[in-house]
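The values are calculated or read from the model by the stated rules, or taken from the named source; none is laboratory data. This is a predicted model, so every value here is computed, not measured. Cβ coordinates were reconstructed from backbone atoms using ideal geometry, including for glycine residues, and neighbour counts include every protein chain displayed. For accessibility, only protein heavy atoms count, side chains too; no ligands or nucleic acids. Shrake-Rupley method; radii C 1.70, N 1.55, O 1.52, S 1.80 Å.
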Amino acid sequence: LFTLLGHLDYIRTVQFHPNATQFPWILSASDDQTLRLWDFQKRSCLSVLTGHNHYVMCAAFHPSEDLIVSASLDQTVRVWDTTGLRKKQLGGPAAADQGYPGMTDSNGNRGQSAAAATALNVQAELFGTNDVVVKYVLEGHDRGVNWAAFHPTLPLLASAADDRQVKLWRMSETKAWEVDTLRGHANNVSCCLFHPKQELV
């Protein structure tokens with residue numbers, strides 16, 4: 001159908017937003033150390049999420065909240081808050097913010113001059129936009145983290161890493177912390193997930 005161009009290196013994972021009818025978004029994680037959010041209806045990049053300083057091995061939407069989780073070989077898991085982007089997309093209070101020019105119409109650019117729009121576009125390409133912000137940086141793995149997953153209903157995360165461990169993390173509104181380490185793997189752990197109904201990882 002079409003190609004979304006922007007990443008500068010291998011793409012590790014992609015995912016559609018769980019509510020894709022209201023939010024036609026795709027989330028991608030790349031070896032270029034960024035995550036990108038795309039609008040597949042407008043065929044444009046909504047936001048570039050920067051902060052990791054090694055390959056981003058995986059990224060996933062929260063099933064019901066305005067959150068994204070990412071795992072990187074920089075040994076961290078990051079949780080990102082997408083509330084600002086959601087409000088902007090729905091024309092809420094954040095809609096007045098200067099956003100990603102790809103999201104403006106071609107005849108007005110929200111009143112910006114073409115030069116200002118181009119400058120904003122370049123800035124967004126290089127540094128991302130403030131529509132998505134880092135909420136937590138989870139540190140505790142001794143090697144690169146290959147995977148991270150949200151619990152379907154509880155405020156929990158699981159992460160899997162090259163330190164042969166799976167870690168469980170708990171989130172509150174203001175902070176996130178490690179609650180358990182699952183040991184037993186004899187080599188790198190490349191994936192982990194929660195059972196949708198039972199208390200299993």
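The conditions of being surrounded by 14 or more Cβ atoms within 10 Å (Cβ to Cβ) and farther than 23 Å from Ala160 by Cβ are met by Phe23. What do you reckon, is Ala186 hydrophobic (A, V, I, L, M, F, W, C) and assigned to a strand (DSSP E or B)? So Ala186 does not fit the description; no.
Quick one: would you say Ser72 is among the hydroxyl-bearing types (Ser, Thr, Tyr), at pLDDT 95 or above and out of contact with any Asp or Glu (no Cβ under 9 Å at 6 or more places or on another chain)? It is true that Ser72 is among the hydroxyl-bearing types (Ser, Thr, Tyr), at pLDDT 95 or above and out of contact with any Asp or Glu (no Cβ under 9 Å at 6 or more places or on another chain).
Number of residues in the stretch 132-155 that are open to solvent by less than 30 Å² (accessible area, probe 1.4 Å) and assigned to a strand (DSSP E or B): the value is 7. Going by the structure shown, is Val14 within 22 Å of Gly144 (Cβ to Cβ), aliphatic (A, V, I, L, M), open to solvent by 20 Å² or more (accessible area, probe 1.4 Å) and under 11 Å from the mean Cα position of the chain (by Cα)? Yes: the conditions hold for Val14.
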